[in-house]
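Right, one structure below, let's go through it.
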Amino acid sequence: MTPDERASEPADVVELPAASRATDIALDELEIVYAFIYARVGNRADAEDLTQQVAMKAIPRLRQGAPASAIRGYLFATARSVLGGFWSTRLGLSEAELHEDLALALPTSPPSEESADTVQQILAQLSDNYRRVLELRFLHGYSLKEVAAEMNSTVGAIKVMQLRALRAAAKVRPLE
């Protein structure tokens, strides 16, 4: 049989399995996921790549028969995870430290004199270690890693100390 004869014969049609309902819902939602990611990365190329990663991670793991809201929630949870990995790689920080640093990055207005006095009163009533960790983290803007280096400790120990210091500070009543 010559190549021309093969081309004129009808080819066997390979039928692919139909996409599941969950996959159809996920594919419909990817446009919204793309908008969500684009709003957080600011450029089209990265947003497209990250949306593709979300699809590759989420779609094979979808439960058949899951409601659309659960599928949408799973897609957005996966998108947040992919974004965390993206920014962690881009900024060279661990994801845990990235979340900590983003919480500190909120724009604030300059503190009033009264609130600065209240903070100093509360800090004065804390132990030296608690006061130091809170000053470095919140007044000087140090990362967990920087505080650990400054205080000759580990990042995990500083996280625990910070939590305990915040709890102790919450119990302190500033002088009136």
Residue span ALA124 to ALA35: 0.36 nm per residue of separation minus Cα-Cα distance leaves a gain in nm of 27.3 nm
Log entry: pair-distance distribution for the stretch 21-92, C-alpha pairs binned every 5 Å from zero, whole % per bin is 3, 18, 31, 23, 14, 8, 3, 1
Eigenvalues of the alpha-carbon gyration tensor of the stretch 113-171, times 5 and square-rooted, give semi-axes in Å, largest first, of 20, 12, 8
Taking Cα pairs closer than 8 Å and at least 6 residues apart, the relative contact order of the stretch 113-171 in percent is 36 percent
For the stretch 47-60, in residue order, the Karplus 3J(HN,Hα) values (coefficients 6.51, -1.76, 1.60; θ = phi - 60°; whole Hz; Gly and Pro = x) are 4, 5, 4, 5, 5, 5, 4, 4, 4, 5, 7, 7, 4, x
Computed for the stretch 24-91: size of charge dipole around the Cα centre, +1 on C-beta of each Lys and Arg, -1 on C-beta of each Asp and Glu, debye to nearest 20, value 320 debye
By the mean-Cβ-within-10 Å protection proxy, highest first, 55-62, 166-173, 73-80 rank as 73-80, 55-62, 166-173
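Rule-based calculations on the coordinates, nothing more; no lab input. This structure is a prediction, so every number in the text was calculated from the model and none was measured. Note: ideal-geometry Cβ built from the backbone for every residue, glycine included; neighbour counts use all protein chains shown.
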